[in-house]
Amino acid sequence: MDHLWAATLAVLSRIHIPVLVLIGWWIVDRAAVLFAARLFRLAVARFEARSDSIGQREANVKRLQTLKGLATQIARGSVAVFAVLTLLGSLQIDVRPILTGFGVAGLAVSLAAQNIIRDFINGIVVVLEDHYSVGDVVTISNYTGTVERFTLRTTHLRTVDGELAIVPNGAVTQVLNFTKNWSRAKIDVGVAYDTDISRAMKVMKEVAETLCDEYRPRILDTPDVQGILAFDDSAVVLRCLIKTVPGDQWSLGREYRLRLKEAFDREGIVIPFPQSDVWLHGADEGSPEPKRTP
């Protein structure tokens with residue numbers, strides 16, 4: 001009985017430290033996640049309480065959300081590496097040869113995995129220079145969508161069709177960001193050639209000013225009715241620009257087009273559609289002239 005008890009104590013003495021290491025690893029890992037979430041909430045509350053513009057506040061929140069995810073990943077990875085090394089040491093395993101082996105293996109892997117290293121470096125550059133954040137609408141590598149997730153290696157884009165595009169950060173050479181700091185709704189509309197252009201522009205301006213009064217916090221500046229943009233085959237094209245908070249250019253653009261169509265209908269201003277004339281050259285007796293059929 002004494003031998004059994006002594007053997008049990010010997011086993012417990014060997015495993016209690018590894019068990020404590022594992023428990024400590026789990027506790028610190030959870031604490032890191034909770035701390036990052038708490039710090040993020042405090043930072044968001046601070047930015048929301050400031051008197052910055054809506055667009056700037058939303059940009060700051062997006063950036064904080066991106067940094068929160070990256071900071072959590074780095075903290076959890078660091079804790080995991082430290083815990084594994086501590087666990088190996090508690091099991092009386094000399095970690096120095098392992099670290100040396102990792103150094104040699106890391107050199108070999110770095111030579112064979114240059115694309116992965118490039119992905120990480122580009123990911124760091126994207127964060128430091130704030131090219132885009134989670135929630136931004138961007139075009140990267142011919143994919144356009146909302147940044148759903150960002151890691152140091154990949155960017156996850158959700159397209160308008162619901163498709164998920166995963167782009168390696170090493171492939172991010174050019175970025176088109178539709179929601180950076182502020183956005184702009186561009187509305188081009190064609191009117192018939194016999195339209196009173198001055199009256200049409202006046203209607204466009206009145207509709208834009210009414211929209212601006214109703215959506216003042218989301219519209220950042222006075223709408224700009226620029227006038228004639230082009231002479232198309234069947235229409236005179238007019239343009240209006242509306243500066244909005246990031247991401248609102250599409251919804252406000254749709255609302256403006258709806259109101260403009262209703263206003264044009266009331267004023268009798270025609271938005272033409274393409275049409276053509278077909279001429280039939282016949283050989284009818286007594287009809288030497290060609291026939292014109294609309």
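The values are calculated or read from the model by the stated rules, or taken from the named source; none is laboratory data. Treat the numbers as computed from the prediction; the structure is a model and nothing was measured. Cβ coordinates were reconstructed from backbone atoms using ideal geometry, including for glycine residues, and neighbour counts include every protein chain displayed.
Lys180 fulfils the conditions (1) within 20 Å of Ile269 (Cβ to Cβ); (2) in a loop (DSSP other than H, G, I, E, B); (3) of a type in the set (Lys, Arg) except for a single criterion, (1). For the residues Tyr193, Tyr143, the requirement of being outside the structural domain of Arg239 (by TED's automatic domain parsing), aromatic (Phe, Trp, Tyr) and at pLDDT below 95 singles out Tyr143.
Within region 201-240, how many residues are surrounded by fewer than 15 Cβ atoms within 10 Å (Cβ to Cβ) and closer than 18 Å to Trp182 by Cα? Count: 5. Applying the criterion of being surrounded by 18 or more Cβ atoms within 10 Å (Cβ to Cβ) and out of contact with any Ser or Thr (no Cβ under 8 Å at 6 or more places or on another chain) to the residues of region 155-176, the residue that is farthest from Lys261 (Cα to Cα) is Gly170. Answer with yes or no whether Ile117 is loosely packed, with under 14 Cβ neighbours inside 10 Å, modelled with pLDDT of 65 or more and among the aliphatic types (A, V, I, L, M). So Ile117 fails the test.
Just one residue in the set Ile219, Ile166 is under 28 Å from Thr139 (Cβ atoms) and touching a Cys at 6+ places or on another chain (Cβ under 6 Å); that residue is Ile219.
Tell me, yes or no, whether region 263-273 has at least one residue that is under 30 Å from Asn177 (Cα atoms) and at pLDDT 90 or above. No: region 263-273 contains no residue that is under 30 Å from Asn177 (Cα atoms) and at pLDDT 90 or above.
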